[in-house]
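Participant: Take a look at this one; I'll ask things after.
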Amino acid sequence: MTLSTEMITGAKKRAEIKEQYKRFIGRKILFILFSIILIFIIAGVAATLGSYPITVMEVYSIIFHGLFQNPETTKEIVIWNLRLPRILMGILAGVGLAIAGAMLQGILKNPMASPFTLGIAAGAGFGAALAIILGAGLIAGKYLLIGNAFLFSLIPTFVILGLARYRRATPETMILAGIALLYIFHASTTLLMYFSEPEAVKEAYFWMVGSLGKASWENILPVSIVLMGCTIPLMWKSWDVNVMGAGDETAKSLGVNVERTRIFIMVIASLLTAGIICFTGAIGFIGLVAPHMCRMVIGGDNRFLIPASGLFGAALLLGADTVARTIIAPVILPVGVLTAFMGGPLFLYLIMRKRREYW
Amino acid sequence: MKLKVKDLEFSYAHVPVLKDIRIELAESEMLGVVGPNGAGKSTLIRCIDRILKPQHGTILLDERDIKDMHLMDLARKIGYIPQSSSQIFPATVFDTVLMGRRPHLGWRSSEKDTEKVLETLQMLNIEDLAMQDINELSGGQQQKVFIARALTQEPDVLLLDEPTSNLDIRHQLEVMDIIKNIVRERGISAIMAIHDLNLASRYADRIVMMNGGEIFDAGDAASVLTPENIKRVYGVEAEVNNNHGRPYIVPIRPVR
């Protein structure tokens, strides 16, 4: 081969790789669009289902009209005041939990990590049990339960932050500290329940499973604010988390302050999780399953994984809630039961067909 | 001098690992660091890249103390090539090499960065791997990807932590040739920790022999890789032959 033909084949190959890379990115964007469409479809279906029959077309026209005037007819009130807040809460919670899960998996470099890995759900559960059973808490009035769940769910995060001053913030220390706190909170919750009335125990227990039943317009606003406020900084750090995926040493040599970034993301992801579960209870599995499913399709680049996991997680949670509302209607199951029931087998299936250690 | 290490001391929780280390690295020089397990080779390399913080001593890069440099500035000057991959989640070779651009850009990568990645992949002859997952590659291919990542970083100094330890003989030679060529052509300086004394003898311009966290001897291969030094540092009786002007070490038996 002469030098010039060599150069031509070289240039050709380059163009080819570039084309492949662009296609790869195209696939990621396509998946994100697909997830958005999925959310709209499931939301449309979810709004028609329930004890009061309303068709899809009616749903959309009611939503459209409701934007300009207050709901008056029964149908309008059912959609606007009952079904829509529940659907929106499902979307927001799905987005937030999935993103928090994706980022915690990223910084802890652990495929088993979820929004609850660091003891967040256990803390929230104890806070809620305290409010339900003893009526005691740090905030009085109607926000007692929400405030308690929120504040207690952040305790593990602060304990880990404190530990990080003495020990380096490695994934191992953080996970082990999280597990220690989880046991402490579980034991405290159990002790509390042991000495209380059955009704209160039942209520506290089902709070922990998680449901969208308490969704209302009043709750949508704070959750949206938390979600926006946390997602932006997480997106901003997404490339640093990519680099950290190559190992702490490599990341440091590429100029990333590994420990500080890890702590920063832990705090933001914990806030995000706490801001959601204080309204819904600890809905499990979405934050674990959604990021893994997205990684299988679009790979591990966090710049795309964050939006993809969020949107796909929203579709999953919304789908699960729709099933939870209808499967043995008129009984409405807590969505947390459904996500665990769906997530468990789904996860086993994914593990069975894995291509290598992780996808 | 490109890089100067002065009176470096490092200890892990009061166990001293490095003592009184003094090293100078010239421009476009390849320095081999040899020594038995636990001699402190990897620790030295990590201190130079500020992955570890030494308790004592200074490291000057172009006469500037690296302690005073911003992490991103340092990352534009020094590239680090790890021994093996610790990637858990999937990442394509292309994206892995693109990470080398991190010190040079913000959130988005530009066309220029894409070109840089393609150029480097082509130079190392691994463009066919571009879309494969890093964890599905062999050790030799992975090592080339790490070299590519460090090169897109466009550093002045390369640090290598036993680049050949997991490789078969063909890949050992390929990887060492690549590094040697880069050092020549781009005027990059390199420090590599290496176990294989014969590879060190063949490729390094100068050799530093470490033992118990201290520098035992330094100089060209012929003056450092002597039977006496090998006996004292490794506790191994060895024969040193002359192989085209470079010492060739044949280990015989451990000293009893």
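Laboratory data are not the source of any read-out in this text; all were calculated from the coordinates shown. What you are looking at is a predicted structure, and each value in this text was computed from that prediction instead of being measured. Heads up, the Cβs are rebuilt from the backbone with ideal geometry, glycines too, and the neighbour counts pull from every protein chain shown.
Participant: Which order do the peptides B:90-96, A:180-186, B:142-148 take when ranked by the mean count of other beta-carbon atoms within 10 Å per residue, highest first?
Facilitator: B:142-148, B:90-96, A:180-186
Participant: Throw me the Rg/Rh for segment A:88-139, computed over C-alpha atoms with Kirkwood Rh, two decimals.
Facilitator: Dividing the radius of gyration by the Kirkwood radius yields 1.11.
Participant: Mind jotting down the distance between the C-alpha centroids of segment A:101-174 and segment B:205-256, whole Å?
Facilitator: What the calculation gives is 56 Å, centre to centre.
Participant: Sorted from largest to smallest, which semi-axis lengths in Å does the alpha carbon gyration tensor of segment A:251-356 give for its equivalent ellipsoid, taking the root of 5 times each eigenvalue?
Facilitator: Working through the eigenvalues yields semi-axes of 30, 19, 11 Å.
Participant: Relative contact order (percent) for segment A:19-352, with alpha-carbon contacts under 8 angstrom and 6 or more residues of separation?
Facilitator: Contact order relative to length: 30 percent.
Participant: Here's a follow-up. Once Rh is set to the Kirkwood radius over Cα pairs, what Stokes-Einstein translational diffusion coefficient, in µm²/s, holds for segment A:19-352 at a temperature of 25 °C and a viscosity of 0.890 mPa s?
Facilitator: Estimated diffusion coefficient is 119 µm²/s.
Participant: Let me ask something additional. From zero outward in steps of 10 Å, how is the percent of C-alpha pairs of chain B spread across the bins?
Facilitator: Spelled out bin by bin, chain B gives 7, 30, 35, 22, 6, 1, 0 percent.
Participant: Counting only C-alpha contacts under 8 Å and six or more residues apart, can you give the relative contact order of chain B as a whole percent?
Facilitator: Computed value for chain B: 25 percent relative contact order.
Participant: Can you give the angle from 0 to 90° between the axis of helix A:302-326 and the longest principal axis of chain A, with both taken from C-alpha atoms, to the nearest 10?
Facilitator: Between helix and principal axis, roughly 30 degrees.
Participant: Against the longest alpha carbon principal axis of chain A, how many degrees, from 0 to 90 and to the nearest 10, is the axis of helix A:198-209 turned?
Facilitator: Helix A:198-209 sits at roughly 20 degrees to that axis.
Participant: Right, something else. What are the ³J(HN,Hα) values, in whole Hz, obtained from phi via the Karplus relation 6.51 cos²θ - 1.76 cosθ + 1.60 with θ = phi - 60°, for each residue of segment A:241-253 in sequence order, with x given for Gly and Pro?
Facilitator: 5, 4, 5, 5, x, 7, x, 4, 5, 4, 4, 4, 5
Participant: For the ranges A:25-38, A:251-264, what's the packing order if you count other beta-carbon atoms within 10 Å of each residue, average per peptide, and put the highest first?
Facilitator: Put in order of decreasing packing, that is A:251-264, A:25-38.
Participant: Next question, about the same structure. When you count, for each residue, the other Cβ atoms within 10 Å and take the mean per peptide, how do B:128-138, A:190-200 rank with the highest first?
Facilitator: Final packing ranking: B:128-138, A:190-200.
Participant: Next question. Return the Rg/Rh ratio of the protein assembly as shown with Cα-based radii and a Kirkwood Rh.
Facilitator: My calculation of the ratio gives 1.07.
Participant: Under a straight-distance cross-link criterion of Cα-Cα below 28 Å, which lysines are reachable from A:Lys202, leaving out those fewer than 8 residues away in the same chain?
Facilitator: Within reach: A:Lys142, A:Lys214.
Participant: Direction-averaged shadow area of the convex hull around the Cα atoms of segment B:8-108, nm²?
Facilitator: Across all orientations, segment B:8-108 yields a mean hull projection of 8.7 nm².
Participant: Measure nothing fancy, just the Cα-based angle from helix B:111-123's long axis to the longest principal axis of chain B, in degrees from 0 to 90, nearest 10.
Facilitator: Orientation of helix B:111-123: about 40 degrees from the principal axis.
Participant: Near A:Ser309, within a Cβ-to-Cβ distance under 14 Å, what is the net charge of the other residues, with Lys and Arg +1 and Asp and Glu -1?
Facilitator: Spelling it out: positives minus negatives among the neighbours equals +2.
Participant: Non-local amide H neighbours of B:Tyr248 (under 5 Å, H modeled in plane, Pro and chain starts lacking H): which ones?
Facilitator: Here the answer is B:Asn241, B:Asn242, B:Asn243, since their amide H atoms fall under 5 Å of that of B:Tyr248.
Participant: Starting from the amide H of B:Glu237, placed 1.01 Å from N in the peptide plane, find each other amide H under 5 Å away whose residue is 5 or more places distant or on another chain.
Facilitator: B:Ile252, B:Arg253, B:Val255
Participant: Report, in whole Å, the centroid distance computed from the Cα atoms of segment A:192-212 and segment B:45-99.
Facilitator: 51
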